[in-house]
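These notes are about the structure you will find just below.
The values are calculated or read from the model by the stated rules, or taken from the named source; none is laboratory data. This structure is a prediction, so every number in the text was calculated from the model and none was measured. Note that we place each Cβ from the backbone using ideal geometry, even for glycine, and neighbour counts take in every protein chain shown. SASA here: full protein model, heavy atoms, side chains in, ligands and nucleic acids out. Shrake-Rupley method; radii C 1.70, N 1.55, O 1.52, S 1.80 Å.
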Amino acid sequence: MRFSFSWSTRYQQVIFKQRFNFSSNFNNLNRSLNAHIKPFSLPSSQRSFSKTSSFNNIDLQILKERLCEVVGPRNISTAESTRLQHGKDESHHRAQMPDIVVFPSNTQEVSEVAKVCTDMKVTMVPFGTGTGMEGGCVCTHGGVSVDLSRMAEIREYQPADFSVCVEPGVTRLALNEYLRGDGLWFPVDPGADASLCGMAATSASGTNAVRYGTMRENVRNLEVVLSDGTIIHTAGQGRHTVKSSAGYNLTNLFVGSEGTLGLITSATLKLYGIPDTMTSAVCQFDEVERAVTAVLHVLQCGVAVARIELLSADTIRAVNSYSKLSYEEKPSIFIEFHGSEKQTEEDASVVGDIFADAGASGFQWASSLSERNRLWKARHDTLYAILATRPGPQITQLSTDVCVPISQLTKAITDTEKDLEEHKLPGYILGHVGDGNYHVTFLYDTGSETETQLVGKLSERIVERALELNGTCTGEHGTGFGKKKYLVREAGPDSVSLMKQIKHLLDPHGLMNPGKVLP
């Protein structure tokens, strides 16, 4: 039996409340940064909305007619507003519009769309909910945006096997609402109510990764449409076993491929039982270094925490203002335990002792559903809270996404904090410190070349530091086109060369989401 969901892309209007005055600090910052980082500049295609069309009117009309034959005239759009929506995600990267947006309703239609695009040598870019953070849906070469949101069915649900197969239009919250009656859930939680297939495409993770892993550990099978329209099932059609040693792991090849190797039209996911008890807490530390060190001690003790998140003092200040809370404005840890009532009590006691020894204060426990939801909603709304601190039509955000070995986490975060303090640059630190992944969010005026240059340079310094510590330039947002310049340094030239060979084998004409992932 199949179950269908409908969705709409979430748009949130932020009510701006405060301003930072950046102007007095930028000249000093510029002089310091120039000594460390080569000049940073955004590509011209990112500075303004780009039409990027490579078609003349005759070719575009032919393409539109052929696609209409596949999906029908009501499921295709060339309206500028629709195209603009499909050329932008939630990142700082500027919109670059497709020439046409198509809305297929099933895998066979996606296959036929791919055949038309390959025949006419037109690029294809997948679109889910538009919640990406690295410009993955930006149409750098125009072409066709393949909006998969109308494919919103749960194809197969096997509760006894802890398995479910979903189409791209099924989002994380919709799936968990459906599963709740059977006491099951899908715990990978990036914050946004993203498409689950889109989460697979970017290898997303989030707050629960320290306990349940990332999408890479929780996808059992994928249905993928290749550039020539071939439909494959990476683990075999209908298969959803817990493990397999048969052949190459094609599933993990496509997880994190960001639409550059094929279009994901279904994902078979691993499910979990909803824990009997969930208990959350917030506490504060005088310094970020103390907070991170305390987290490392908790992990070394083997405490099975489900979430453990760090928010800097500036981030807490923004959260308090936006979510109407009154947390002490110090570096804070948000933590959650899952398990039986006895287990969570024991884990909470151990962590409480460790944190107290490290100088934690202001413990606030949340055991009821409403209390926990309020706490974690505040955490998930941090981006909107940060945006609310600086109003303006040209203000945008740049969020870094580095991840380092846990043993290097204290150095990475404290050195970053020193940079921010030294240059008096507002930067909001938050992260999934249980797995070494942290973000720094900057706000800047896109109309100011000075601000754009300086924020870019500092974000590059953060990435360079992570790579020096044997970390990665992106822990969960994906490579997109914003991080691809770091790939050779991170993976090595021979590995990147092999990636390019795989890309050419599966996409010989370079039509699948071009300009992303590979340098």
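Quick notes on this one:
- Hey, Asp228 within 24 Å of Gln108 (Cα to Cα) and surrounded by fewer than 22 Cβ atoms within 10 Å (Cβ to Cβ) or not: yes
- Restricting attention to the range 314-361, the residues being among the hydrophobic types (A, V, I, L, M, F, W, C) and in contact with a strand residue (DSSP E or B) (Cβ under 8 Å, 6 or more places away or on another chain) number 11.
- Per this entry, Thr260 is not counted among residues that are polar (S, T, N, Q), surrounded by 20 or more Cβ atoms within 10 Å (Cβ to Cβ), at pLDDT 95 or above and part of a strand (DSSP E or B).
- Filtered residue count, the range 181-196, keeping only those that are modelled with pLDDT under 95 and either part of a helix (DSSP H, G or I) or open to solvent by 30 Å² or more (accessible area, probe 1.4 Å) (or both): 2
- Exclusive hit being modelled with pLDDT of 95 or more, of a type in the set (A, V, I, L, M), in contact with a strand residue (DSSP E or B) (Cβ under 6 Å, 6 or more places away or on another chain) and not in a loop (DSSP other than H, G, I, E, B), set Val110, Val70: Val110
- Residues in the range 149-170 that are open to solvent by 10 Å² or more (accessible area, probe 1.4 Å) and either within 13 Å of Asn513 (Cβ to Cβ) or in contact with an Asp or Glu (Cβ under 7 Å, 6 or more places away or on another chain) (or both): Glu153, Arg155, Pro159, Cys165.
- The listed residue being assigned to a helix (DSSP H, G or I) and surrounded by 24 or more Cβ atoms within 10 Å (Cβ to Cβ), out of Leu454, Leu467: Leu454
- Residue check for Glu90: of a type in the set (Asp, Glu), under 27 Å from Lys483 (Cβ atoms) and open to solvent by 10 Å² or more (accessible area, probe 1.4 Å): yes
- Given (1) in contact with a helix residue (DSSP H, G or I) (Cβ under 6 Å, 6 or more places away or on another chain); (2) in a loop (DSSP other than H, G, I, E, B); (3) open to solvent by 40 Å² or more (accessible area, probe 1.4 Å), number of the condition Lys243 does not satisfy: (1)
- Looking across His423, His439, one residue alone is open to solvent by 10 Å² or more (accessible area, probe 1.4 Å) and either within 14 Å of the chain's Cα centre (by Cα) or of a type in the set (A, V, I, L, M, F, W, C) (or both). It is His439.
- Filtered residues of the range 205-214 (kept if open to solvent by less than 10 Å² (accessible area, probe 1.4 Å) and under 18 Å from Gly480 (Cβ atoms)): Ser205, Gly206
- Scanning the range 403-451 for residues that are closer than 26 Å to Gly392 by Cβ, polar (S, T, N, Q) and assigned to a helix (DSSP H, G or I) yields a total of 2.
- Test result for Gly136, in a loop (DSSP other than H, G, I, E, B), under 19 Å from Ile76 (Cβ atoms) and outside the structural domain of Ala174 (by the TED database): no
- Val282 being in contact with a Phe, Trp or Tyr (Cβ under 6 Å, 6 or more places away or on another chain), crowded, with 21+ Cβ neighbours inside 10 Å and at negative phi: yes
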